[in-house]
Each structure stands twice: as structure tokens, then as C-alpha cells.
Amino acid sequence: MSNPQQLRYSKEHEWLSAAGEDGVSTIGITEFAANALGDVVYVQLPDVGSTVSAGDTCGELESTKSVSDLYTPVSGEVTEINEDVVNDPALVNSAPFEGGWLFKVRVTSEPADLLSADEYTAFAEN
Amino acid sequence: MTDAPPTPRRTALDARHRALGATMTDFAGWDMPLRYGSERDEHTAVRTRAGLFDLSHMGEISLIGPQAGDALDHALVGRLSALAVGRARYTMICDHEGGILDDLIVYRLGDEEFLVVANAANAQVVLDALTERADGFEATVRDDRDAYALLAVQGPESPGILKRLTDADLDGLKYYAGLPGTVAGVSALIARTGYTGEDGFELFLAPDDAERVWEALTEAGAPVGLVPCGLSCRDTLRLEAGMPLYGHELTTDTTPFDAGLGRVVKFEKPGDFVGREALEAASRQADTVTPRTLVGLIASGRRVPRAGYAVVAADGSAIGQVTSGAPAPTLGKPIAMAYVDPEYAKPGTEGVFVDIRGAREPYEVVALPFYKRER
């Protein structure tokens, strides 16, 4: 698997897109995380308009075998959630970096320890 | 006494699983394939085509001798001495209090030879109990856990696939029957048993032959869509089929009557058997006071009930407990098996919820199984 170079990553296996001009970044989980979960069957995302803090849990990902907390890698206001993935959680497995994105945040602060694609790849493979 | 090896045990097909890219998991001390790709796709393959499983972690124990059947009658709750040669029986081994030590399939291979198949997690307990309980009978208990690899080919296409590899009379082989034969040129016990709710076969063979038979089944099954399947889909397949799993629906704290499986206990057999007194009491009690009843639950929403979650009434009071739960690929909804108070056990009962991490989710009470194949 390859982790897109233009994204940054958290050690909780989320990815984060570069913020656009409106300061909004898109967040999802990595292919590595999706594979580890197995078939995702239920996704609970944060409410639009809510404020999230980097490193906090803000939802759930449920797979056949387990329930995992969803963490936000950055702080800010949730501006949008992916309704497609709520209706069809399998998108997290089939397109984790694209159609399986989870939510968007207008970023107010981000931690210093986000990883580059190469750093994340090395981290995930260990 | 033998100490369990410190590292997980690996089956004869370990290298094959890794080559197939399986996600492995520790299961009862064995490193087993959990899934090869999508567990949902594997589940669907077994329901509609065929799936191939490595179940070599299961624990085989042989009983041999003129009184092998009598020894099993004494050791188990069933009447195995009455089993015809070539047939298999689902049964249980209980402790003196009637608690279930394991559920078993027993195959009668000959007049004086039985093969007992125990769950991997309980194999040592079963071996020890059988050894102790067979004492005084003209029967030898033999640990055959390392003597067999176990492959299962399950699903509607499985008879056609296996027919290409054996001369054995599969049409004459009934459900819960087993006969010695040759598969892909090697000796095997061919049994029409399984844990998926589909037609299928379990093949007991020498570990050294496992690769060859796996390969032959893979090739013979490829044209009809057979795929390798891991333990994850095995669990959702058995759950849809309403089959209990030891450690979930069955424990040492449950009797066969608690689990709604009192029919496996044969009081009318000659001689005493371990647990008789306690089980007779449990049977009498089940006739008067209905204990918590094992039911099926189907979700309205998408959230998945898990083992241990509370079943609650509308006012939040506990009325039962989930023993197994999973998203059911065939039904397209989360399902669960749960023990509930008898007044909530009737199919269609309103006002039954599962507490899913603080959220009260409505559930429909249904009779088991959730899924039954068309015959």
C-alpha cells in the first residue's frame, strides 16, 4: 500500500489533507488502519458545528470484529461530515484516501508531531 | 502433564496462509487465519458458492477398545454407544454440576473406535476428563491433536468440488456422517459436517498431506468461485445459523438445558454418567421454572451488539445479556444471540433494547436460527 505524499498523518492512523484557503482540512483513516479493522460496518462521526481537540475521540468505527475510537488529529470546528460513508461504511475499506474520507475541520491548531507520508509508512510498518 | 508451548502453534498450512496474505490472529494458542481479504466476501462465498477453511486447531481425541462406546456414554451426556458406525453426533461433556465443559462432535469410525473433536481452547480439559472418566473401561484414550490436520470445504458448491477429487460415495454420505476415503490421492476421513449452516465437508488428514489437499481443493474449486476463508467469517456464518459457540453461549456456568439444548442429554442410557444427578435436577427445573432463554436479536440500526452487552427493557432495567453479536452479511443487519428473561423471549416481543456503549438501541426478538439454507 502507499500513503499519498500530499497528506500528513497521525500515530492514531488518521490522515489530514493540507488546509485549503478556507483553512479547512479533510480527515480520514489510512489504508493501513482500514485493513487492520477489517470490513467497516458502522461509522459514527462528530456533529457538524462541534469543536474537536487534537488527540480526542470524536466518533467510532465499527468493524465485524471490533469497535475503535475515532480520533481527530487536529483541533478546530467540524464543518462537514461524509454522509456517503455513513450510509455506506464499506467506502472506508474500498477508498480510504478518497471517497472514504470522514470529516472536515476548520483547523485552529495542530500538534507538532504529525508525520509525513514517509515517516508514517515507516511508523506503520513497525 | 504437558505444558503448552510458549509461542502460538502453527498449522501445517501456515506458510500457505502467509503466502495468501492472510491476517493472522491468536486463537486458543494457535496462530490462525482471521481473514484473507474481506470477511464479508468470504461469508458470501460460503453462502452462495464455496469456502475453504483450515481448522487444524480443533482437538482430536480417539477412544479405542471394546468398551469405547460405554466409556463415552459414561463421560458424555449423549448415548454414543448407540451411534452407528460411519455416523457422527453433536454432544457435550459436562462437569459433575452439569456445567458444560465443551461441546463436541463424535464420529464412530468402527465398532471399537471413536473420534472426539473438541474445541481448541478446551482440548486439554476434554482430554484430561476423558482419560480420567475412561479409567476402568476397556478403552484407550489417545491424544490425536497432532495426528490430524482439518480442512473444511463448505457451501453449496462443495459437493461438486469434492467429487472431482474423490471416488468416495458423497451422494450416499448423509449430513452428520463420515467415512474413510481418498481425497486428491491421500487418505482422509471425509465427514459431512460443518459450522456454517451450509452443506459441506470436513476432511481429517495427516498434516503432511494438508498442503496437497488444500492445493487440490483450491484448483478444483476455482471455476465455481471457492475462496479461502478465515475464522472471522466462520463466526458470522455460525451465528447466522444459530449455532452456539463455547465461551459465548456455552460455559461451565450453563447446563445444556439453560442453552436450550437439553435434547443432547440422554437420561435413558444404561449406567451412570458424569453430571447425571445435576442434569436431572436441571431438567426438572426447566420444566417448571423457565430460565433465561437463548434468543435471536435483529437490529433496526447499524450499531453492532457485542458479547457482554446488556439487554434492557424500555425503562433501562437489565433483562438479559448478549452472548455473541456481529453484522450479519446475509441479513444485512447486526444480529445477536442473547439470554433474556422468559417474559421477553417470545418472538416479536416489543420493547427490547441493547445497551450499546450507553445508547439504547431497539432490537427485534426472533427465534433461532436467523438463517436456514434451502434444501
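The values are calculated or read from the model by the stated rules, or taken from the named source; none is laboratory data. Note that the structure is a prediction, hence the values are computed from the model and not measured. Please note: Cβ atoms are built from the backbone with ideal geometry, for glycine as well, and neighbour counts cover all protein chains shown. Please note that ligands, DNA and RNA were not included when accessible areas were found on the heavy atoms of the full protein model with its side chains. Shrake-Rupley method; radii C 1.70, N 1.55, O 1.52, S 1.80 Å.
Structure data summary
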{"quantity": "Cβ-based charge dipole, chain B, positive-most Cα from B:Gln67, B:Ala188, B:Phe353", "calculated": "B:Phe353"}
{"quantity": "Separation between Cα centres of the stretch B:299-371 and the stretch B:147-201, rounded to whole Å", "calculated": "35 Å"}
{"quantity": "Phi to ³J(HN,Hα) by Karplus 6.51 cos²θ - 1.76 cosθ + 1.60 over the stretch B:352-361, Hz, x for Gly, Pro", "calculated": "10, 10, 10, 7, 9, 6, x, 9, 8, 10"}
{"quantity": "Sites matching trypsin sites (Lys or Arg not before Pro) across the stretch B:129-224 that sit in DSSP coil, with at most 15 neighbouring C-beta atoms within 10 Å", "calculated": "B:Arg164, B:Lys174"}
{"quantity": "Per-pair calculated FRET efficiency, R0 = 60 Å: A:Asp56 and B:His96 via Cβ, rounded to 0.05", "calculated": "0.70"}
{"quantity": "Inter-probe distance in nm under a simple model that places probes 7 Å from Cα toward Cβ, at A:Val48 and B:Ala318", "calculated": "4.0 nm"}
{"quantity": "Sulfur and carbon atoms: percent of accessible area, the stretch A:8-108 [1.4 Å]", "calculated": "43 percent"}
{"quantity": "A:Phe123-B:Asp355 FRET efficiency (beta carbon distance; Förster radius 35 Å; 0.05 resolution)", "calculated": "0.45"}
{"quantity": "Solvent-accessible area per residue, Å², over chain B with all protein chains present [probe radius 1.4 Å]", "calculated": "41 Å²"}
{"quantity": "Debye, to nearest 20: dipole size of the protein assembly as shown, +1 on Lys, Arg Cβ, -1 on Asp, Glu Cβ", "calculated": "1220 debye"}
{"quantity": "Built amide H within the under 5 Å cut-off of A:Tyr71, gap 5+", "calculated": "A:Cys58"}
{"quantity": "Cβ-based net charge around B:Asp143, under 12 Å, with every Lys or Arg adding one and every Asp or Glu removing one", "calculated": "-2"}
{"quantity": "Chain B: relative contact order as a whole-number percent, Cα under 8 Å and 6+ apart", "calculated": "17 percent"}
{"quantity": "Value at 222 nm in deg cm²/dmol, rounded to 500, when DSSP H runs of n ≥ 4 in chain A each add -39,500 (n - 2.57)", "calculated": "-4500 deg cm²/dmol"}
{"quantity": "Within chain B, longest stretch free of exposed GluC sites (Glu not before Pro) [DSSP loop, at most 13 other beta carbons within 10 Å]", "calculated": "B:1-137"}
{"quantity": "Chain A - accessible surface per residue (Å², probe 1.4 Å)", "calculated": "46 Å²"}
{"quantity": "Loop-resident sites, the stretch B:238-268, for chymotrypsin sites (Phe, Trp or Tyr not before Pro), counting at most 13 other Cβ within 10 Å (DSSP)", "calculated": "B:Phe267"}
{"quantity": "Minimum 20 Å² accessible area buried by the other protein chains, the stretch B:297-318 residues, probe 1.4 Å, relative to alone", "calculated": "B:Arg302, B:Arg303, B:Val304, B:Arg306"}
{"quantity": "Stretch gain in nm, segment B:His248-B:Ala367, where the contour uses 0.36 nm per residue and the Cα spacing is subtracted", "calculated": "41.0 nm"}
{"quantity": "R0 of 45 Å, Cβ-Cβ distance B:Ala147-A:Asp84: FRET efficiency to nearest 0.05", "calculated": "0.30"}
{"quantity": "Under 26 Å between alpha carbons - lysine pairs in chain B that sit 8 or more apart or on different chains", "calculated": "8"}
{"quantity": "Dipole magnitude of chain B about its Cα centre (Cβ charges: Lys, Arg +1; Asp, Glu -1), debye to nearest 20", "calculated": "1320 debye"}
{"quantity": "For A:37-43, mean number of other protein chain Cβ atoms within 10 Å", "calculated": "6"}
{"quantity": "Interface size A-B, as summed buried accessible area [1.4 Å probe, Å², nearest 100]", "calculated": "1400 Å²"}
{"quantity": "Where GluC sites (Glu not before Pro) fall in DSSP loop in the stretch A:8-48, at most 10 other Cβ within 10 Å", "calculated": "A:Glu21"}
{"quantity": "Heavy-atom accessible area, 1.4 Å probe, ligands and nucleic acids excluded: residues of the stretch B:326-364 down by at least 10 Å² from chain alone", "calculated": "B:Pro327, B:Arg357"}
{"quantity": "Under-5 Å amide H pairs with B:Asp199, H placed in peptide plane, nonlocal only", "calculated": "B:Gly155"}
